[in-house]
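The structure that follows is given in the form of C-alpha coordinates.
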Amino acid sequence: AALDAERGVSIGDPWCLGFFVNHEIAWGADETALALAVLRSPADQPAKTVFVQDLRRKYGAVARLNAAWGASFKSWDELLAASFEPDPRGARADLLAFSRKIAETYFRIVRQELRSAAPNQLYLGCCFAGRNPLVMEIAAAYADVVSFSVYDYTAEYLQLPGRIDK
(Lines give C-alpha, C1' and ligand atoms only; values in the text may rest on other atoms or scores of the structure.)
Protein backbone atom coordinates (compact mmCIF):
# COMPACT_ATOMS: atom_id res chain seq x y z
CA ALA A 1 0.00 0.00 0.00
CA ALA A 2 2.81 2.43 0.85
CA LEU A 3 4.52 1.67 -2.45
CA ASP A 4 1.28 2.16 -4.37
CA ALA A 5 1.10 5.73 -3.03
CA GLU A 6 4.55 6.40 -4.50
CA ARG A 7 3.65 5.42 -8.08
CA GLY A 8 3.95 8.49 -10.26
CA VAL A 9 5.50 10.40 -7.36
CA SER A 10 8.84 8.89 -6.22
CA ILE A 11 8.69 5.65 -8.17
CA GLY A 12 10.07 6.38 -11.59
CA ASP A 13 11.23 9.89 -10.66
CA PRO A 14 14.71 10.27 -12.21
CA TRP A 15 15.76 12.40 -9.23
CA CYS A 16 14.87 9.68 -6.71
CA LEU A 17 17.90 7.44 -6.24
CA GLY A 18 16.10 4.81 -4.18
CA PHE A 19 14.22 3.91 -1.04
CA PHE A 20 14.92 3.23 2.61
CA VAL A 21 12.43 0.81 4.10
CA ASN A 22 11.86 1.21 7.82
CA HIS A 23 14.19 3.25 9.94
CA GLU A 24 16.44 2.27 12.81
CA ILE A 25 14.85 -1.10 13.50
CA ALA A 26 15.96 -2.54 16.86
CA TRP A 27 17.89 -5.59 15.67
CA GLY A 28 19.75 -5.99 18.96
CA ALA A 29 23.51 -5.82 19.39
CA ASP A 30 24.19 -9.54 19.68
CA GLU A 31 23.79 -11.86 16.71
CA THR A 32 21.32 -13.99 18.67
CA ALA A 33 19.18 -11.05 19.84
CA LEU A 34 16.33 -11.65 17.39
CA ALA A 35 15.82 -15.28 18.38
CA LEU A 36 16.12 -14.43 22.08
CA ALA A 37 13.43 -11.77 21.71
CA VAL A 38 11.20 -14.36 20.05
CA LEU A 39 11.70 -16.81 22.93
CA ARG A 40 10.65 -14.10 25.40
CA SER A 41 7.45 -13.51 23.40
CA PRO A 42 4.00 -14.92 24.16
CA ALA A 43 2.96 -18.27 22.71
CA ASP A 44 0.70 -16.70 20.07
CA GLN A 45 3.49 -14.60 18.55
CA PRO A 46 3.85 -15.95 14.96
CA ALA A 47 7.66 -15.97 14.96
CA LYS A 48 7.69 -17.98 18.19
CA THR A 49 5.34 -20.55 16.66
CA VAL A 50 7.66 -20.89 13.65
CA PHE A 51 10.77 -21.11 15.86
CA VAL A 52 9.27 -23.91 17.95
CA GLN A 53 8.19 -25.71 14.76
CA ASP A 54 11.76 -25.44 13.42
CA LEU A 55 13.16 -26.81 16.68
CA ARG A 56 10.63 -29.63 16.69
CA ARG A 57 11.63 -30.59 13.13
CA LYS A 58 15.31 -30.54 14.06
CA TYR A 59 15.17 -32.35 17.42
CA GLY A 60 12.03 -34.51 17.10
CA ALA A 61 11.66 -35.15 20.82
CA VAL A 62 11.69 -32.35 23.36
CA ALA A 63 14.11 -34.47 25.42
CA ARG A 64 16.72 -34.05 22.66
CA LEU A 65 16.25 -30.26 22.73
CA ASN A 66 16.56 -30.35 26.54
CA ALA A 67 19.83 -32.25 26.26
CA ALA A 68 21.25 -29.80 23.73
CA TRP A 69 20.03 -26.66 25.48
CA GLY A 70 20.37 -27.77 29.09
CA ALA A 71 16.62 -27.20 29.52
CA SER A 72 13.86 -29.21 31.19
CA PHE A 73 10.68 -28.77 29.16
CA LYS A 74 8.10 -31.53 29.48
CA SER A 75 6.56 -30.82 26.06
CA TRP A 76 6.80 -28.61 22.98
CA ASP A 77 3.71 -26.76 24.24
CA GLU A 78 5.51 -25.95 27.48
CA LEU A 79 8.39 -24.51 25.46
CA LEU A 80 5.95 -22.46 23.38
CA ALA A 81 4.29 -21.07 26.53
CA ALA A 82 7.58 -20.28 28.29
CA SER A 83 9.18 -16.85 28.28
CA PHE A 84 12.86 -17.55 28.81
CA GLU A 85 16.40 -17.31 27.54
CA PRO A 86 18.27 -20.60 27.18
CA ASP A 87 21.88 -21.16 28.12
CA PRO A 88 23.61 -19.65 25.08
CA ARG A 89 26.34 -22.29 25.06
CA GLY A 90 24.00 -25.11 24.05
CA ALA A 91 21.45 -23.06 22.14
CA ARG A 92 23.74 -20.69 20.20
CA ALA A 93 23.61 -22.53 16.86
CA ASP A 94 19.80 -22.67 16.96
CA LEU A 95 19.56 -19.03 18.04
CA LEU A 96 21.87 -17.94 15.22
CA ALA A 97 19.94 -19.99 12.66
CA PHE A 98 16.61 -18.48 13.65
CA SER A 99 17.98 -14.93 13.89
CA ARG A 100 19.36 -15.44 10.37
CA LYS A 101 15.97 -16.73 9.18
CA ILE A 102 14.18 -13.63 10.54
CA ALA A 103 16.62 -11.17 8.96
CA GLU A 104 16.79 -13.01 5.63
CA THR A 105 13.01 -13.19 5.41
CA TYR A 106 12.71 -9.46 6.11
CA PHE A 107 15.36 -8.28 3.65
CA ARG A 108 14.34 -10.77 0.93
CA ILE A 109 10.67 -9.73 1.01
CA VAL A 110 11.47 -6.02 1.08
CA ARG A 111 13.86 -6.42 -1.87
CA GLN A 112 11.28 -8.42 -3.87
CA GLU A 113 8.58 -5.83 -3.28
CA LEU A 114 10.83 -2.90 -4.16
CA ARG A 115 12.14 -4.62 -7.29
CA SER A 116 8.57 -5.28 -8.36
CA ALA A 117 7.33 -1.74 -7.71
CA ALA A 118 10.47 0.29 -8.51
CA PRO A 119 12.83 -1.80 -10.66
CA ASN A 120 15.00 1.17 -11.66
CA GLN A 121 15.68 2.48 -8.18
CA LEU A 122 17.98 1.30 -5.43
CA TYR A 123 17.10 -0.48 -2.21
CA LEU A 124 18.94 1.63 0.38
CA GLY A 125 18.40 -0.76 3.29
CA CYS A 126 16.79 -0.02 6.64
CA CYS A 127 19.09 2.74 7.91
CA PHE A 128 20.82 0.98 10.80
CA ALA A 129 21.33 2.81 14.09
CA GLY A 130 23.12 -0.08 15.83
CA ARG A 131 25.54 -2.77 14.78
CA ASN A 132 24.35 -6.36 14.66
CA PRO A 133 27.01 -8.07 12.50
CA LEU A 134 24.75 -10.94 11.42
CA VAL A 135 21.94 -8.63 10.31
CA MET A 136 24.36 -6.24 8.59
CA GLU A 137 25.83 -9.16 6.62
CA ILE A 138 22.36 -10.27 5.54
CA ALA A 139 21.33 -6.71 4.67
CA ALA A 140 24.37 -6.46 2.40
CA ALA A 141 23.26 -9.58 0.53
CA TYR A 142 19.86 -8.07 -0.31
CA ALA A 143 20.18 -4.28 -0.27
CA ASP A 144 22.00 -2.24 -2.90
CA VAL A 145 23.35 0.03 -0.16
CA VAL A 146 23.74 -0.62 3.57
CA SER A 147 22.81 2.65 5.23
CA PHE A 148 23.24 4.02 8.75
CA SER A 149 21.88 6.83 10.87
CA VAL A 150 24.87 8.38 12.59
CA TYR A 151 24.38 10.77 15.49
CA ASP A 152 28.03 11.57 15.94
CA TYR A 153 30.62 13.90 14.46
CA THR A 154 32.63 11.06 12.99
CA ALA A 155 31.94 7.93 11.00
CA GLU A 156 35.08 6.12 12.18
CA TYR A 157 33.18 3.24 13.76
CA LEU A 158 31.23 2.49 10.59
CA GLN A 159 32.83 -0.63 9.27
CA LEU A 160 30.83 -3.48 7.86
CA PRO A 161 31.72 -7.01 8.92
CA GLY A 162 34.10 -9.01 6.78
CA ARG A 163 34.76 -7.74 3.29
CA ILE A 164 31.35 -6.17 2.70
CA ASP A 165 31.62 -2.96 0.68
CA LYS A 166 28.13 -1.56 0.30
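Quickly run through the stretch 25-53 and pick out the residues that are loosely packed, with under 13 Cβ neighbours inside 10 Å and under 21 Å from Val150 (Cα atoms).
Ala26, Ala29, listed by residue number.
Assess whether Phe128 counts as being modelled with pLDDT of 95 or more and closer than 30 Å to Val150 by Cα. Write out each step before concluding.
Details: modelled with pLDDT of 95 or more: no; closer than 30 Å to Val150 by Cα: yes.
It is false that Phe128 is modelled with pLDDT of 95 or more and closer than 30 Å to Val150 by Cα.
Take the residues in the stretch 1-24 that are modelled with pLDDT under 90 and β-branched (Val, Ile, Thr); name whichever of them is nearest to Ser147 (Cα to Cα).
For the stretch 1-24, the residue satisfying everything is Ile11.
Pull out all pairs, ordered by first then second residue, where Cβ-Cβ is under 6 Å, the residues are six or more apart or on different chains, the first lies in the stretch 101-116 and is hydrophobic (A, V, I, L, M, F, W, C), and the second is open to solvent by less than 80 Å² (accessible area, probe 1.4 Å) and part of a helix (DSSP H, G or I).
Ile102/Leu34; Ala103/Val135; Ala103/Ile138; Phe107/Ile138; Phe107/Ala139; Phe107/Tyr142
Looking at the structure I just gave you, is Ser72 over 14 Å from the mean Cα position of the chain (by Cα), within 24 Å of Leu134 (Cα to Cα) and not aliphatic (A, V, I, L, M)? Explain how you work it out, then say what you get.
Working: over 14 Å from the mean Cα position of the chain (by Cα): yes; within 24 Å of Leu134 (Cα to Cα): no; not aliphatic (A, V, I, L, M): yes.
Spelling it out, it is not the case that Ser72 is over 14 Å from the mean Cα position of the chain (by Cα), within 24 Å of Leu134 (Cα to Cα) and not aliphatic (A, V, I, L, M).
How about the stretch 4-24: which of its residues are outside any helix (DSSP H, G or I) and either open to solvent by less than 60 Å² (accessible area, probe 1.4 Å) or touching a strand residue (DSSP E or B) at 6+ places or on another chain (Cβ under 9 Å) (or both)?
As a first pass, look at the stretch 4-24 and keep what is outside any helix (DSSP H, G or I): 7-24.
If the condition is that a residue be outside any helix (DSSP H, G or I) and either open to solvent by less than 60 Å² (accessible area, probe 1.4 Å) or touching a strand residue (DSSP E or B) at 6+ places or on another chain (Cβ under 9 Å) (or both), then Ser10, Ile11, Asp13, Cys16, Leu17, Gly18, Phe19, Phe20, Val21, Glu24 are the ones that fit.
Something else about it: What are the pairs with Cβ atoms under 6 angstrom where one residue, in the stretch 125-136, is farther than 8 Å from Glu24 by Cβ and the other, located anywhere, is open to solvent by less than 10 Å² (accessible area, probe 1.4 Å) and in a strand (DSSP E or B)? Sequence gap at least six, or different chains.
Here the result reads none, with nothing in the stretch 125-136 linked to a residue that is open to solvent by less than 10 Å² (accessible area, probe 1.4 Å) and in a strand (DSSP E or B).
Can I ask one more? Kindly state which helices (runs of 4 or more DSSP H) lie completely within the stretch 57-166 and contain at least 1 residues that are of a type in the set (D, E, K, R), under 30 Å from Asp13 (Cα atoms) and open to solvent by 50 Å² or more (accessible area, probe 1.4 Å). Outline the logic, then answer.
On the way: elements: 62-69, 76-81, 88-117, 133-142.
Fully inside the stretch 57-166 and qualifying: 88-117, 133-142.
The values are calculated or read from the model by the stated rules, or taken from the named source; none is laboratory data. Since the structure is predicted, the reported quantities are computational estimates derived from the model, not experimental observations. Cβ: placed from backbone, ideal geometry, glycine included. Neighbour counts: every protein chain shown. Areas reflect the complete protein model, heavy atoms only, side chains present, ligands, DNA and RNA absent. Shrake-Rupley method; radii C 1.70, N 1.55, O 1.52, S 1.80 Å.
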